[in-house]
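Written out below as structure tokens is the structure these notes cover.
Just so you know, all these numbers are worked out from the coordinates, no wet-lab data involved. Every value quoted in this text rests on a predicted model; they were computed, and no experiment measured them. A quick note on method: Cβ atoms are made from the backbone with ideal geometry, for glycine too, and the neighbour counts reach across all protein chains shown.
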Amino acid sequence: MTTLLTPFGYAPTISTTSVQVLPPNPSRKAVIFFNPSTTATIAVCPSVTASGAALAAVINGAGSITIVAGGLLTLPQAGWPDSAGVGAAFNAIASGITPITVWEF
């Protein structure tokens, strides 16, 4: 049992190359990605496919979810089963150099 209280916060700066912004965590119950930029668009994706192949984040690309400036993505979404897991590592990319806010629960 841990005494650390969640959420854990991450605030990496990302650019136009897909990079890992959240490491894998099999105990993760939820994650929030927030795009604090007023101009840049970002995209996030799990770091691997169901077959184990590497997956790079691509803005408006297959396998990624695009988050506009000031937008956020919460996983799991309301209505998803309690058994939904979000333990995978996640990658992100941006249309320009910008920070991304990640909260892990």
Query raised in the report: How large is ³J(HN,Hα), in whole Hz, for each residue of the stretch 15-24 in order, when computed from phi with the Karplus curve 6.51 cos²θ - 1.76 cosθ + 1.60 and θ = phi - 60°, using x for Gly and Pro?
Result: 9, 8, 10, 5, 9, 6, 10, 8, x, x
Query raised in the report: Using the 10 angstrom Cβ neighbour count as an exposure proxy, how do Ile100, Ile32 rank, fewest first?
Result: Ile32, Ile100
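Hey, can you rank 50-59, 67-76, 89-98 by average C-beta count inside 10 Å, highest first?
Highest-to-lowest ranking by the protection proxy: 89-98, 67-76, 50-59.
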Query raised in the report: Between Ala88, Ala30, Ala62, which gets the highest mean-square fluctuation from a Gaussian network model of the chain, Cα cutoff 10 Å?
Result: Ala62
Report summary line: Given backbone amide H placed at 1.01 Å from N, residues whose amide H is under 5 Å from that of Ser47, ignoring those fewer than 5 places away on the same chain, are Ala89, Phe90, Asn91
Query - Descending semi-axes in Å of the stretch 1-66, equivalent ellipsoid built from Cα gyration tensor - result: 23, 18, 9
Query raised in the report: What are the residues whose amide H is under 5 Å from the amide H of Val58, where those residues sit 5 or more places off or on another chain and H is modelled from the backbone?
Result: Ser64
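For the stretch 62-105, take the convex hull of the Cα atoms, compute a quarter of its surface area, and give me that in nm², please. Don't jump to the answer; show the numbers that get you there.
Numbers: hull surface 16.8 nm².
For the Cα atoms of the stretch 62-105, the hull's average projected area reads 4.2 nm².
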